[in-house]
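Worksheet: the structure to be examined is printed underneath.
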Amino acid sequence: ANAGELSVTGSAKATYTILSVDGSATDDDAGKGLGIANEFTLGASGELDNGWTWSMNQDIDGATVQDDKSIVLGMGGMGSLKINISDGGLQKNFSSSQSVYGTPVDNGEGGTYTDANDTGAMNTIRYTTPSGLPLSLSASVQYAPGTGLNANASSNSGGTQDAGFEDALEYAVSLTPIEGLNIGASYYDPDDGAVGQQEEGGAYYATYSVGSLSFGYGKSYHATSLDPGDTGTEAYDNTQMSVAFNVNDSLSVSYEDIESEQQDVTASNDVVMDVQSIQASYTVAGMTLS
């Protein structure tokens with residue numbers, strides 16, 4: 001490779017968070033949290049002699065922990081190849097979200113929300129189709145030769161013990177059929193040896209934007225690994241609906257509702273959880289308040 005350019009990216013983000021639940025069987029009082037983002041990314045990119053491109057990234061966070069590494073080889077009309085070290089799942093679980101700050105179950109009390117698993121924390125190899133396909137189609141397939149989590153793996157580093165499955169595959173697709181409409185789906189398929197029900201998961205979504213309004217709808221599923229005679233949770237069925245409105249160039253507001261049904265092997269034990277979130281985001285100069 002020819003010499004590339006090195007870059008450092010990150011954000012100056014401060015948060016003040018209060019998490020509490022009152023009046024439930026499992027009261028929670030996590031206290032008041034004041035925090036500042038503690039992660040930045042080192043990146044590099046360049047071009048090969050044959051016109052292909054390459055790029056890499058390395059996250060540094062927490063107590064100077066180095067993790068979430070990747071190298072991408074851009075092969076022009078043949079697509080791209082990416083090697084991930086605990087960086088980059090393909091799941092579309094929250095792709096429908098129009099919330100202007102973030103997904104409700106990731107910002108506040110998420111309860112026992114459970115979503116489809118994916119290969120994001122594993123070390124993987126991914127192929128993605130080239131850009132410029134009809135309907136802006138993009139498809140990817142990602143393979144994890146081992147499911148053990150090894151975020152700090154370096155060259156010549158051995159693997160870690162598999163986390164339940166020997167390997168896993170994941171697929172994703174997205175496209176734009178008409179202007180303003182985006183749809184997509186993902187599917188997670190680990191090598192599960194269970195004989196009652198094998199673990200799998202997936203999601204699909206649609207978003208539509210018209211003028212200052214944007215809408216999102218999505219579904220995600222997670223089937224657990226079960227052998228004959230097992231009891232407990234059989235599957236999770238999640239539904240996300242959201243809408244956002246740009247009041248002006250500086251102010252945006254949104255509403256999102258997420259419903260999660262925990263389906264038990266015994267139907268009478270099914271539980272439904274609902275999370276609703278109202279969010280606002282205001283940008284002035286280079287600062288955003290959300």
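The values are calculated or read from the model by the stated rules, or taken from the named source; none is laboratory data. What you see is a predicted model; the values in this text were computed from it and never measured. Note that we place each Cβ from the backbone using ideal geometry, even for glycine, and neighbour counts take in every protein chain shown. Side chains included, ligands, DNA and RNA excluded: accessible areas come from the protein's heavy atoms. Shrake-Rupley method; radii C 1.70, N 1.55, O 1.52, S 1.80 Å.
Annotations for the structure displayed:
- ASP227 vs. criteria more than 16 Å from ASP115 (Cβ to Cβ) and surrounded by fewer than 18 Cβ atoms within 10 Å (Cβ to Cβ): yes
- Taking segment 185-281 and the strands (runs of 3 or more DSSP E) fully enclosed by it, the elements with 3 or more residues that are farther than 23 Å from ASN107 by Cα are at 200-210, 233-246.
- A search for C-beta distances below 7 Å between a residue of segment 170-190 that is within 11 Å of ALA203 (Cβ to Cβ) and any residue that is of a type in the set (Lys, Arg) and buried (at least 18 other Cβ atoms within 10 Å of the Cβ), counting only pairs 6+ apart in sequence or on different chains, returns ALA172/LYS92; GLY184/LYS92; ALA185/LYS92; SER186/LYS92.
- Look at (1) closer than 23 Å to LYS219 by Cα; (2) more than 14 Å from the chain's Cα centre (by Cα); (3) hydroxyl-bearing (Ser, Thr, Tyr); (4) open to solvent by 60 Å² or more (accessible area, probe 1.4 Å) and you find that TYR187 fails only one, number (2).
- Exactly one residue out of TYR113, TYR188 is touching a helix residue (DSSP H, G or I) at 6+ places or on another chain (Cβ under 9 Å) and not charged (D, E, K, R), and it is TYR113.
- Members of segment 266-285 found to be of a type in the set (A, V, I, L, M) and open to solvent by 70 Å² or more (accessible area, probe 1.4 Å), listed by number: ALA267, VAL271, VAL272, ILE278, ALA285
- Residues of segment 112-161 that turn out to be open to solvent by less than 30 Å² (accessible area, probe 1.4 Å), more than 26 Å from LEU181 (Cβ to Cβ), among the hydrophobic types (A, V, I, L, M, F, W, C) and modelled with pLDDT under 90, as a count: 2
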